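A short worksheet on the structure shown next.
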């Protein structure tokens, strides 16, 4: 199916564990983004990538790691999860050009206990 | 870095009333985008504004980009319950979002 998909949709993990959230898009968009959404904070950019093997920090990168070995995948890893990382995480993609509409995945609700 | 500030954070209106949300930047923006997120959903693109003073309409929604390209607004005429959700502006350069305005509509 064409589009952008995130997995898992829901995840509960324990403090200190490593957890990876997956994001896959089928359009070959050059740009991909990770956001976290918390009440009162809107969408905050964690990391973004302009192309394969090119990543950069966003507004709130601490505690997160990303990689982009392939254009279509942009996994987000919490190396040692903390309760403050409990949030809803959204992945997005778009391509530079005339139409820069960004497309979002359905989100992953992560709870760290 | 580039930041966009959005006000108000919340707005409750009676169905049929108008609604406006504002987006402001301290620096000139090359463009601005607007997204809508329904409760429990993900953000969905509404529109992009690029030109100084640009005004675009989508049915009851009117989007404006300021002359100095430092502010933008979204105005909804005669709100309906289907307008409920959070509206975000975003600077498309790095896809930085404002905090969003959550609209509640009382039927």
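Quick one: in segment B:14-54, of everything that is away from chain A (no Cβ under 13 Å) and touching a helix residue (DSSP H, G or I) at 6+ places or on another chain (Cβ under 9 Å), which residue is farthest from residue A:37 (Cα to Cα)?
B:15
With respect to the numbered conditions (1) in contact with a strand residue (DSSP E or B) (Cβ under 6 Å, 6 or more places away or on another chain); (2) at pLDDT 95 or above, which one is the sole condition not fulfilled by residue B:4?
Condition not satisfied by residue B:4: (2).
Step by step: first the residues of segment B:84-107, then only those that are facing another protein chain (nearest Cβ under 9 Å) and part of a strand (DSSP E or B), then the one that is nearest to residue B:7 (Cα to Cα). Which residue is that?
Per the criteria, the residue is B:88.
Kindly indicate whether any position in segment B:47-54 is closer than 14 Å to residue B:103 by Cβ and in a strand (DSSP E or B).
No, the conditions are met nowhere in segment B:47-54.
Considering each residue of segment B:57-83, count those that are without any contact (Cβ under 8 Å) to a residue 60 or more places away in the chain, surrounded by fewer than 16 Cβ atoms within 10 Å (Cβ to Cβ) and part of a loop (DSSP other than H, G, I, E, B), and give that number.
Result for segment B:57-83: 5.
Quick one: which strands (runs of 3 or more DSSP E) lie wholly within segment A:67-113 and hold at least 2 residues that are under 11 Å from the mean Cα position of the chain (by Cα)?
Counting at least 2 such residues, we get A:76-78, A:87-94.
Mind counting the residues in segment A:28-49 that are farther than 14 Å from residue B:39 by Cα and not in a strand (DSSP E or B)?
Residues that pass the stated criteria total 5.
The values are calculated or read from the model by the stated rules, or taken from the named source; none is laboratory data. On a predicted model such as this, the values are computed, not experimentally measured, just so you know. Don't worry about glycine lacking a Cβ; one is built from the backbone with ideal geometry, like all the others, and counts go over all protein chains shown.
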